[in-house]
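Here is the structure we will look at.
The values are calculated or read from the model by the stated rules, or taken from the named source; none is laboratory data. Here the structure is a predicted model, which is why all the values come from computation and not from measurement. Cβ atoms come from the backbone with ideal geometry, glycine included; neighbour counts cover every protein chain shown. Keep in mind that these areas ignore ligands, DNA and RNA; they rest on the heavy atoms of the full protein, side chains included. Shrake-Rupley method; radii C 1.70, N 1.55, O 1.52, S 1.80 Å.
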Amino acid sequence: MMRISIQPESGIPGSVQLFNLLCFAIACGQFPPGYRLPSTRQLAMQTGLHRNTIHKVYHQLEAMGLVETRAGSGIYVSRSARQVVNYSRGLGENLDRSRQVLEQVRQGIDQLLQQGFSLEQVRDLLLAEIDWRLRCSAQVLVCVPNRDLGTGQLMAQQIQQTLGIRVQLVPLEDLATVLDQIQSGTVVTLHYFLSAVEAIAQPRGARVLTVEVSDYAREIALIRQLPSYACLGLVSISTALLEVAEVIVYSLRGDLLVLTAVISDTERVGSLIRRAHTLICDEASYPTLRVLVRQARADLIRTPNLVCATPHIGEAAMAELRRELGGIPGAGGDREAGGSGLQSKETH
């Protein structure tokens, strides 16, 4: 068993040191999935910390999904920590990359030593940074202004489904209140709102990541191929997205009639179904819109071509987000149909 020791003279509280050490041991594979962690009594004897303090640290690890309690048996590294372990093993399998990473680590440590830091201080700095990143990754918030919550819903839904993590949608106007209630977190937003989000998040120790929306290249190609004077219906949960989409369509095709509707406005959506040659909708609206089209089929002369648009966050942006949030248990699996581009669903 790895010897776990706490430095009483360090400025970092003992509970934080223990938390950092255990996270590091799990991340680097010293404590692999299924490994039985020392009991609170054993750790108390090793570290000098009170058993209640150790219990709280274990509770933190369990809340993050890194460990699990088995009644009557003890505390074990959970299978959800496998991703971190696999990443560590992957470095070992690629010797060239492993050596490069190791050299970068050594250079970073050497630079800190040259600036007058001791090895103990360097270790504390590294562990504190790892601790901060793990805590940020444990709480992911999607943030957009209240006026654009529909876009935020699309982002949150796609991130949850693609990365398999829990995401909380927070209006920009409420971000300060929410961040004050949690220790740290990662805030995901669009570039348009970056400055406003950073002004709130950074003073509160939260990390901010931005994503780019899809370029909708396939949808644009479809629109270019529509017959002249056809009626195109756009349906979404986001009013702001519809406004932008309408402007883009008219800039591409001035000879089209473009009608828009929020999916919750069933009367307006019904009008689009009766008039449109083609209906393009977001993923969140597609199930409801498909049902409405089927219900109206008996009264239609021609059933519109129903198209579910590309996911709102582009594939490259989602891949980058997956890398940035790599410390989250389960943040790695793609949906089977996710990111596959334009999905055209004929309803007739």
Worksheet item: Hey, can you rank 259-269, 66-76, 279-289 by average C-beta count inside 10 Å, highest first?
Response: 279-289, 259-269, 66-76
Worksheet item: Where the only charges are on Cβ atoms (+1 Lys, Arg; -1 Asp, Glu), what is the dipole of the range 155-304 about its Cα centre, to the nearest 20 debye?
Response: 620
Fill in: Within the accessible area of the range 29-71 (1.4 Å probe), percent carbon and sulfur
51
Practice prompt. Compute the signed sum of charges (Lys and Arg +1, Asp and Glu -1) over the other residues within less than 14 Å, Cβ to Cβ, of SER39.
Written response: +4
Discussion item. Rolling a 1.4 Å sphere over the protein heavy atoms, what is the accessible area per residue of the range 181-334, to the nearest Å²?
Written reply: 48
Worksheet entry | Gain upon complete extension [LEU119, SER195; 0.36 nm per residue less C-alpha separation] | 23.7 nm
Item to complete: Whole Å is fine, so just give me how far the alpha carbon centre of the range 161-237 lies from that of the range 258-291.
Response: 22
Item to complete: Provide the percentage of antiparallel DSSP beta bridges, counting only those with both residues in the range 186-318; round to the nearest 5.
Response: 5
Worksheet, complete the sentence: Around HIS50 (Cβ within 13 Å, Cβ-to-Cβ, excluding HIS50; K/R +1, D/E -1) the net charge comes to +3
Fill in: Sum of side-chain charges, LEU241 neighbourhood, beta-carbon under 11 Å (Lys, Arg +1; Asp, Glu -1)
-4
Fill in: Built amide H within the under 5 Å cut-off of PHE31, gap 5+
ILE26
